[in-house]
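Participant: Questions regarding the structure given below will be posed in turn.
Each value in this text was obtained by applying a stated rule to the coordinates, not by laboratory testing. The model shown is predicted, which means the values in this text are computed figures rather than measured ones. Neighbour counts are summed over all protein chains in view; Cβ atoms, including those assigned to glycine, are modelled from backbone coordinates with ideal geometry.
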Amino acid sequence: MNDSSVPPLPSEHAFAPYLRILGKGKTGTRSLSREEARTAFSMILQGDTEPLQIGAFLMLLRVKEETPEELAGFVDACRETMTAVPSGLHADLDWSCYAGKKHQHPWFILSMLLLAQAGYRVFIHGTNGHTPGRLYAEDAMRQLQLPIAANWAEVAQQLDSEQLSYLPLEHFCAPLQEMMQLRPLLGLRSPVNTLSRLINPLRAPASLQSVFHPAYARLHQEADELLKQPRALVFKGDSGEVEIKPQADTRIALLHHEQHDGWVLPRVMNERIDSVAEPSVEPLRALWRDNKDDTYGLNATLATTTVALMVLDPKTDLTAAAQRARELWDDRDISRIR
């Protein structure tokens, strides 16, 4: 037989070694170093992997559970690959919105408005519609006619004029947005849902992040520390969004210049609160414009504003922050929401 008739053995794909590190069995598997994680995720974001490899990579990480070093490496890759941020564009607070509201209305949007009214430049990023039955920040903000950008130039204009801007993930890191949409196919959340909250594309000195499970707060803190994030506040919010639940004690994790702190924010409502039939922006509009009282909505707004003020100004204690939140509410511009 002619040797030329024998097909050559396929060479190993350049991404295969990273899958082997994660999936070599109980005794052979290890976590990726930060540099390995950066290189592997860069290959994914740049389209240098096969779809099968992406699914395998995400699920191997899901089973193993990601480490702070891996998350930091993934964020490094995202920051290197995403659409470049123009020089001089900055924000005071990074607010990630990736979960969508399911059980309550999106009261956190009113907190954003209060912070913008106080003069803070609030940059929001998130994604839309990857889980049915939820109201996402982008849809809610559109319905309230709040600023949503399509690029960094519009972000700059909106932050300058309104102190508030939301940029969908697809407009600055489209490959990551595509990976976010894999959840219905994979059936599970993946590390993408965690790392997206850590990107902080404008490198704002203060960051607010919500987790689905309290145990993830430490993971976020340690990843933020590796990423040299000056200040970050993490807690388990309602439906996974950055919103304090006034009917529950909330454990707060604060990172301030590599110092870890934490406390429990006590509940202010003791009665059982039922889930709403469908999250909507109409109750936000009614409360903001003084058309209807809503004890739950007001308490959620004030508490969320309070913790945001604490991460924005580390010299502010809980009592002073709560007082300032109330002052901002009492002085709010009701015409901001039409």
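Participant: Using a simple charge model, +1 on the beta-carbon of Lys and Arg, -1 on the beta-carbon of Asp and Glu, nothing else, what dipole does the chain show about its Cα centre, in debye to the nearest 20?
Facilitator: Details: 35 positive and 43 negative charges, 121 e Å.
Using only the charged Cβ atoms, the result is roughly 580 debye.
Participant: Same structure again: Given R₀ = 45 Å, FRET efficiency for ASP333-LEU185 by Cβ-Cβ distance, to 0.05? Walk me through the intermediate numbers first.
Facilitator: Numbers: r = 44 Å, r/R0 = 0.98.
After rounding to 0.05, the efficiency reads 0.55.
Participant: List the GluC sites (Glu not before Pro) in segment 215-288 that DSSP assigns to loop (not H, G, I, E or B) and whose Cβ has at most 14 other Cβ atoms within 10 Å. Which are they? Please report the intermediate quantities before stating the final value.
Facilitator: On the way: sites: GLU222, GLU225, GLU241, GLU243, GLU258, GLU271; in loops: GLU241, GLU243, GLU258, GLU271.
Passing sites in segment 215-288 are GLU258, GLU271.
Participant: Nearest 20 debye, what's the magnitude of the dipole of segment 65-105 about its Cα centre given +1 on Lys and Arg Cβ and -1 on Asp and Glu Cβ?
Facilitator: Working: 3 positive and 8 negative charges, 83 e Å.
That gives segment 65-105 a dipole magnitude of about 400 debye.
Participant: While we're looking at this one, here's another question. Determine ³J(HN,Hα), in whole Hz, for all residues of segment 289-294 in sequence, where each value follows from phi through the Karplus function 6.51 cos²θ - 1.76 cosθ + 1.60 and θ = phi - 60°; x replaces Gly and Pro.
Facilitator: Per-residue couplings from phi come out as 8, 6, 8, 7, 6, 8 Hz.
Participant: With a cut-off of 8 Å between alpha carbons and a minimum separation of six or more residues, what is the relative contact order of the chain in percent? Provide the component values of the computation, followed by the final result.
Facilitator: Working: 607 pairs, mean separation 60.6, N = 338.
Value for the chain: 18 percent.
Participant: Between HIS213 and ASP249, what FRET efficiency follows from the Cβ-Cβ distance if R0 is 22 Å, with the result rounded to 0.05?
Facilitator: Numbers: r = 16 Å, r/R0 = 0.71.
Here the calculated transfer efficiency is 0.90.
Participant: Okay, moving on. Any aspartates and glutamates with Cα under 17 Å of the LYS102 Cα? List them, leaving off those in the same chain fewer than 8 positions away.
Facilitator: Once the sequence-local aspartates and glutamates are set aside, what remains near LYS102 is GLU138, ASP139, ASP238, GLU241, GLU243, ASP274, GLU278, GLU282.
Participant: Excluding residues fewer than 8 places away in the same chain, name every one of the lysines whose C-alpha is closer than 28 Å to that of LYS315.
Facilitator: Correct list for LYS315: LYS228, LYS236, LYS245.
Participant: Just to be sure I understand: of the beta bridges DSSP finds with both ends in the chain, what percent are antiparallel, rounded to 5? Kindly include the intermediate steps, with their values, before the conclusion.
Facilitator: Working: 12 of 32 bridges.
Antiparallel bridges make up about 40 percent of those DSSP assigns within the chain.
Participant: So, one more: For the chain, what is the mean residue ellipticity at 222 nm derived from helices alone (per DSSP H run of n ≥ 4: -39500 (n - 2.57); sum divided by total residues; nearest 500 deg cm²/dmol)?
Facilitator: Values: 14 runs with 140 residues, N = 338.
Helices in the chain give a 222 nm mean residue ellipticity of -12000 deg cm²/dmol.
Participant: Taking segment 19-114, which GluC sites (Glu not before Pro) meet the DSSP loop condition and have no more than 14 other C-beta atoms within 10 Å?
Facilitator: Working: sites: GLU35, GLU36, GLU65, GLU66, GLU69, GLU70, GLU80; in loops: GLU65, GLU66.
Here the sparse-neighbourhood loop sites are GLU65.
Participant: Quick one, which of (1) 128; (2) 158; (3) 170 is the actual volume of the Cα convex hull per residue in Å³ calculated for this model?
Facilitator: The calculated read-out lines up with (2).
Participant: Within segment 144-239, report the chymotrypsin sites (Phe, Trp or Tyr not before Pro) that DSSP leaves as loop and that have at most 15 other Cβ atoms within 10 Å.
Facilitator: Numbers: sites: TRP152, TYR166, PHE172, PHE212, TYR216, PHE235; in loops: PHE172, PHE212.
Filter output for segment 144-239: PHE212.
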